[in-house]
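Trainee: Please read through the structure below; I'll follow up with questions.
The values are calculated or read from the model by the stated rules, or taken from the named source; none is laboratory data. These numbers were taken from a predicted model, which means no experiment stands behind them. Counting neighbours? That spans all protein chains shown, and the Cβs are built from the backbone with ideal geometry, glycine included. When the accessible area is computed, the model is the full protein with side chains, heavy atoms only, and any ligands, DNA or RNA have been set aside. Shrake-Rupley method; radii C 1.70, N 1.55, O 1.52, S 1.80 Å.
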Amino acid sequence: MHNVSDMRAALLRWYDEQGRTLPWRVRPEDRAAGVVPDPYAIWLSEVMSQQTTLAHATPYWRAFLEAFPSVVDLADANRDVVLSMWAGLGYYARARNLHKCAGVVRDDHLGIFPTDEKTLLTLPGIGPYTAATIAAICADEATNIVDGNVERVISRTYAFETPLPKGRKALRDLSGTLVRADRPGDYGQALMDLGATICSPKNPTCLLCPWREFCVAHSQSEETKYPVKVKKKPTPIRYGHAYVLRCEDKVLVERRPDSGLLGGMIGVPTTDWGDAPTDHSQAPLHRNWESKGQIRHVFTHFELRLDVFAAEIEASVEGVWVDDTSGLPTVFTKVVEAGLAD
DNA sequence: TAGGCGTGGCA
DNA sequence: TTGCCAAGCCT
């Protein structure tokens, strides 16, 4: 049932016929003509795409390439500028690692972005998926590319029963049995594209799938049973106050600690976030606070409810005042909007 | 190794 | 509304 050669041939044929293209992608025909992808641009696209929809990441990718045409430009840039440009993309450790990685490439690799999997794995923010993908796309290394899309495709094709995340390693090894030296970059992208388009999480369009005849889950009409996952626990709710201090057109902000949630980013003052509503005992100043309602924001592992309070204060109050809040993480953007609303 | 770590779209 | 999910990595 699972003839590897037939499966690869069917997938690559489908990929070539699709002509599906992404902004950073070198098309198969250009690639055959000798066009070499820029590993720096590919790396940027891959890091930004981690746990992020392509539609959301693409404008950021263009902006970064425009502002920092080379990895050395990025390494030389002020870190706060990089973090600010990342605002809204989420998972801010990626931005810190991005800047750190650029520095390592500049200082330890002569400013030339590596393209072999082993070296890539040593760089900050580059894990198994990203290393495998850059090496396959940029250097035709026959790596085993496994992302969420590939997990879904392979688990369905083989009716893989072990629940994730426990079964992740075995599933990854299973996927590796399909890897060959022939067109590894195109093969990996084809497999991801299949998961992103045909073999979607909810309503896969199996009728159009090049692997229809190979797929055990499809033969059992149980496509959406896979990948089997363990149930998640419900996310807790945390409460706190957020304070919007205004002076003319400026707002008082503070820098958050470099590690942990929203690490290194700029935000407005808040109380600690606890499991019950709080009071003004941790307010940054004693003022007659004007209530501005509550904002809710859902993080990966908890929901945050912040009661927003605002006050007009004197500019002599010590701190950082900004009139441009575009570099703030989304949760603080919501707070400032609530705080400035009528 | 299991949990921390954002945000937006979609059913 | 609610929950799931997206081209994962780090500790």
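Trainee: Restricting attention to region A:58-71, report how many residues are surrounded by 19 or more Cβ atoms within 10 Å (Cβ to Cβ) and within 11 Å of DNA strand C (Cβ to nearest atom).
Mentor: Qualifying residue count, region A:58-71: 1.
Trainee: What residue, of A:235, A:224, is over 21 Å from residue A:161 (Cα atoms) and either in contact with a helix residue (DSSP H, G or I) (Cβ under 8 Å, 6 or more places away or on another chain) or within 13 Å of DNA strand C (Cβ to nearest atom) (or both)?
Mentor: Only one candidate passes the filter, namely A:235.
Trainee: All but one of (1) open to solvent by less than 40 Å² (accessible area, probe 1.4 Å); (2) more than 8 Å from DNA strand C (Cβ to nearest atom); (3) assigned to a helix (DSSP H, G or I) hold for residue A:152; state the number of the condition that does not hold.
Mentor: Only one criterion in (1) open to solvent by less than 40 Å² (accessible area, probe 1.4 Å); (2) more than 8 Å from DNA strand C (Cβ to nearest atom); (3) assigned to a helix (DSSP H, G or I) is unmet by residue A:152, namely (2).
Trainee: Being away from DNA strand B (no atom under 15 Å from the Cβ) and surrounded by fewer than 19 Cβ atoms within 10 Å (Cβ to Cβ) is the filter; apply it to region A:35-55 and report the residue that is farthest from residue A:123 (Cα to Cα).
Mentor: A:35
Trainee: Tally time: how many residues in region A:69-89 are outside any helix (DSSP H, G or I) and of a type in the set (Phe, Trp, Tyr)?
Mentor: Residues that pass the stated criteria total 0.
Trainee: Now for a different question. For residues that are farther than 11 Å from residue A:289 by Cα, acidic (Asp, Glu) and open to solvent by 70 Å² or more (accessible area, probe 1.4 Å), tally how many sit in region A:299-316.
Mentor: 1
Trainee: Do you know which residues across region A:117-140 are assigned to a loop (DSSP other than H, G, I, E, B), of a type outside the set (Ser, Thr, Tyr) and within 15 Å of DNA strand C (Cβ to nearest atom)?
Mentor: Of everything in region A:117-140, those that are assigned to a loop (DSSP other than H, G, I, E, B), of a type outside the set (Ser, Thr, Tyr) and within 15 Å of DNA strand C (Cβ to nearest atom) turn out to be A:121, A:123, A:124, A:125, A:126, A:127.
Trainee: Could you list, in sequence order, the residues of region A:317-330 that are farther than 21 Å from residue A:288 by Cα and either surrounded by 10 or more Cβ atoms within 10 Å (Cβ to Cβ) or out of contact with any strand residue (DSSP E or B) (no Cβ under 9 Å at 6 or more places or on another chain) (or both)?
Mentor: A:320, A:322, A:324, A:325, A:326, A:327, A:328, A:329, A:330
Trainee: Given the residues A:28, A:23, which is the only one that is touching a helix residue (DSSP H, G or I) at 6+ places or on another chain (Cβ under 8 Å) and in contact (Cβ under 8 Å) with a residue 60 or more places away in the chain?
Mentor: Being touching a helix residue (DSSP H, G or I) at 6+ places or on another chain (Cβ under 8 Å) and in contact (Cβ under 8 Å) with a residue 60 or more places away in the chain holds for just one of A:28, A:23, which is A:28.
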